Structures are given as C-alpha cells and as structure tokens.
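The values are calculated or read from the model by the stated rules, or taken from the named source; none is laboratory data. As the structure is a prediction and not an experimental result, all values here were calculated from the model. Using ideal geometry, Cβ is built from the backbone for each residue, glycine included, and neighbour counts are taken over all protein chains shown. Ligands, DNA and RNA are excluded from the accessible area calculation, which covers all protein heavy atoms including side chains. Shrake-Rupley method; radii C 1.70, N 1.55, O 1.52, S 1.80 Å.
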Amino acid sequence: MDPAYYSPSALSSDQWLADNAQRLEFSHLSSRATIHASAFYEGLVERYTDSGVSFVRVGDVRDGSLDDSDLVYLPYDVAVGTDGLTAINGPLALVTKGGSVGNVGAVDSTDLLALSRDVMALKPRAHEDLSLLLFYLASSVGRSLLLRGASRQVQAHLTVERLKTLPVPYLSSSQLATLQNNYDSLVKARKEYDRAKGELAELIETSDPFVRNSQRHLFYTFNAMEDLRRRMDPEHHRPSQAKAREEAIRQGWRNLGDISYINEKSWVWDREKDTDSRLVEYVALSSVQEGSGRINKATTQRVWQTPSRAKWRCHPGHVLAPSLVESLKRVALVSDAESESIASSGFHVLSLPSIDEARFVAAYLLSKGAHEQILRSGTGVRFRSYNTLELARLLIPPKESVAEIAEAFRSVEAHARDLDAVWASGVTSLENMLGMPSATPISGPEEPDPTE
C-alpha cells in the first residue's frame, strides 16, 4: 500500500530487470554470499571498552565503508560468547536493515566484527564479488530493491529472507577489475579522510584539560543503563571537572557565549507568513552525519509538509549544535548549499564573527573535551538535554588556536568532499556499465528523530 512501491524510479528498476533478463545473467544474492545477522540490541550493551572486537552499529556504515572514527568495542568473550550476538571475520559487505535501511559499506580486512541487530554482513563466496555487491547494492536498481523489500510495519526493516532473493548480475572479468579499481580508490579516500579527522582530534585533545583530567574512558552508549552507571560513577562528581575549568581559564580559554550569538529570536521561522507551496530544505537531527560536521541529507518539503519542530532559519556559517545529549556528535556547519534551510528545534544555532571561528567552534563541539563538559550538564529522564545558558558557559580553546584548528577542520571538509566524489563515481561507474536508469532511487526511511 506504500506509494513509493509504485514510484517512477521503482518501476524503472523493474523495467531494467525485465529488459536485461536475456542480456545479463542473474542469480540470487544467497548464491553469491552468505548472509549473517544478529538478534542483539545495541541497548543491551552494558559498557564499551577501548579495545577488543569492533561492534558495528547503523551509524558506522556510511559512504561505502565502515567508518571507524566512532567505532566502539566489546570484550572478546562478550562478542563471541553472547547468545544472539553474531561475530564474523571479514572481508564483508555490510547492509543496514533497520533504522536507516539500505546503507551499505565494505570491509576488506580479516578482523573480527560483532554486529548489532540492525546491521547484516554479506560474506562473498568469491573475493572479486565484494566490490560488485558494494556498488550494486548502492546503485539506483540495487537500492530500490533493498528499500522495496523492507517491511513497512511500524519501522522499516529488511529481513534476511528478502535479501537472499535479491537478483545480482554476473559481470565479465574486465568489468570486475574496473569495480575493484574503484573500490581501491574508495579505500584510499577513506584512509585520507580518517587521517585528517585523526589529526584534528589530536590537535585539540593534546592540550585539552577536560580530556587530560578525566579519569575514565570517554565511551558513551547513551542508553538508560549506561546513564545510571555514569551518575553513580564517583568520577562524575569528582572535583576534576572544577580542576579542569580552572586550568582552562588560566590557559586563556573563553566561554562560547562570549564570541557567539545563540538562538537569536530573529532566526525563528514564521511558518504562518510563508507560502504553503514553497519548497524548503528541512534539517532534522538525522540529517546530520555523526562526527562529520556537515549536513548530508536534508529533505526537500513543501512548507505545509514540514513538521511542527521545524524552527530555525539557517544561514551559511551558522553552526548547528544538537540540544540532546544522545545526539552530541550531530554537529554541523551550514554551507552555502544549505542557505535558508529550516532546522529542527532539536538544534541550538550559533552565529560566529567569521567562517574560521565557525569552523573552529564546530571542530571543538565534536571533540571529547566538549562532550566531557556537556555530559555533566545534561538533564532529563527519557531524553537528556542541555540549554542555551549551559552551551554559552562551555569553555573553548584560546583565540590563538583558532587559525590552526580552523585549517585542520577545512582539511577534513576537503577530504570529505573527495570521499563523496569517489564513492559517487564508483556507483555511477557500475550504473553506466550496466545501463541502469539514472533516475534517483526512492528515498529510504529516515532515522527516527529522537525528539518525536
């Protein structure tokens, strides 16, 4: 009954399969890869460790890769000895089957990975099929088939049974070689992006007293059990936070509110004075890629279609900082492409004197030191949040470090654009190779907004 099932792009995928049934040879995905899934909910994790077996969650699968910048780890005995928790060695193609259905990535290492409930792993029977599965599932046809195969009851969910029957084409050796070259370029671009992010984090954290004075690992699961444990942790109430603030102030650190305007009334969007039929870009919390500092999937909607929580009119150079503790990593710098977009009330909006200071603030809000400060000010039971005054009181590095941190953040932005381009090029290459329709595939269900 879902209209998307009969959308032009979905029907064009059906037509492509019918037109190529004679020209190309197809087989079910189950004959090309073994499919592994887990029944283990992320919320059941009592604690993460700083090493061990990587625990893959929905947000870790992006841009054709496993993003290891925000990976968390489980002890080996937990990963391999817990009922319902699947752990498997690579190489693997990864597909998200819940939350954001149809995100795909690949891992070419042989490391052991543990899967959360909303991620499936495809272990190719032939190594050359790894790049094929990756780019095919991200293509207009492959993604359309994934999304149409997802159950639409309550929350979209892709089952192993539906994935097994997904048709996958056979390619010639030269075509497979081209895809492998594209995949190698993707791996290289991902490494450069991760290197730039690592350098930025090191630049900030080596002189951050809030990281240096913390006596516990900064791994946050954001579930009720971990939240209770944090509040019962003596470190949460130790004087180390006060010590860190005193040290930071001696080093010339400033309050964020001293250099920025936060949540100005003039930025509030008046829906009633806008034209109902006008198209606007709506930025929800789920529109911001965790840890990336950028908006990656704002949705285009008519004014009358926007949700009641659409509140802030954004301008280039604004920094969006999530007001929910559970979404701390969804910080974004608004670019020219998102000019006049409308952001959710789940964000605080900051305006800085210059674009370099905006990059500097966005970079620090993504750091462990900022999280360490904010985590202690969050209030609430179901959803912990922090207000404008608490954000304004946040201490940020001295102005002498603005240029260096802003330049490092600019480098991360450049490598992110390169990664996007290489990923899109690889997918387009396969689509052109097989003559797939160029229409945009049907949109997948967005991640649930925590404020709903």
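Using the Karplus relation 6.51 cos²θ - 1.76 cosθ + 1.60 with θ = phi - 60°, the per-residue 3J(HN,Hα) values for the stretch 304-314 come to 5, 8, 5, x, 4, 7, 5, 9, 9, 8, 9 Hz, with x marking Gly and Pro.
Under the simplified labelling scheme, the residue 14-residue 184 pair shows an inter-label distance of 4.1 nm, with each label point 7 Å from Cα along Cα→Cβ. A DSSP coil position with no more than 11 other Cβ atoms inside 10 Å describes the following trypsin sites (Lys or Arg not before Pro) in the stretch 106-180: 125. Extension gain, residue 34 to residue 127: 0.36 nm times the residue separation minus the Cα-Cα distance gives 32.2 nm.
Label-to-label distance for residue 202 and residue 308 is 5.0 nm, based on points extended 7 Å past Cα in the beta-carbon direction.
Net charge of the neighbourhood of residue 258, taken over other residues with C-beta under 14 Å away and scored Lys/Arg +1, Asp/Glu -1, is +2.
Counting only residues at least eight positions apart within a chain, or on another chain, the aspartates and glutamates with an alpha carbon under 12 Å from that of residue 399 are 258, 356, 357. Phi angles across the stretch 419-427 convert, under the Karplus curve 6.51 cos²θ - 1.76 cosθ + 1.60 with θ = phi - 60°, into 3J(HN,Hα) values of 4, 4, 5, 5, 5, 5, 5, x, 5 Hz, Gly and Pro given as x. Per-atom-type breakdown for the stretch 286-393 gives carbon and sulfur 47% of the accessible area (1.4 Å probe, protein chains only). Applying the criteria of a DSSP loop state and at most 14 other Cβ atoms within 10 Å to the chymotrypsin sites (Phe, Trp or Tyr not before Pro) of the stretch 128-188 yields 170.
Relative to the current alpha-carbon distance between residue 112 and residue 337, full extension at 0.36 nm per residue lengthens the span by 77.1 nm. The amide H of residue 72, built 1.01 Å from its N in the peptide plane, has 55 as neighbours under 5 Å, considering only residues 5 or more places off or on other chains.
Of the GluC sites (Glu not before Pro) found in the stretch 329-433, the ones in coil according to DSSP and having at most 12 other Cβ atoms within 10 Å of their Cβ are 340. The Rg/Rh ratio of the stretch 128-199, with Rg taken over Cα atoms and Rh as the Kirkwood radius over Cα pairs, comes to 1.10.
Remark on residue 86: its backbone amide H falls under 5 Å from those of 39, 40, 115, a criterion applied only to residues 5 or more positions apart or on other chains, H modelled at 1.01 Å from N.
A straight Cα-to-Cα reach below 24 Å connects residue 265 with the lysines 273, 311, residues fewer than 8 places away in its own chain not being considered. In the context of the full set of protein chains, residues of the stretch 47-182 present 36 Å² of accessible surface per residue (probe radius 1.4 Å, heavy atoms only).
Annotation: amide H of residue 384 within the under-5 Å range of 325, 326, sequence separation 5 or more or interchain, hydrogens built in the peptide plane.
Given a Förster distance of 35 Å, report the FRET efficiency between residue 265 and residue 400 from their Cβ-Cβ distance, rounded to the nearest 0.05. Between residue 265 and residue 400 the formula returns 0.60.
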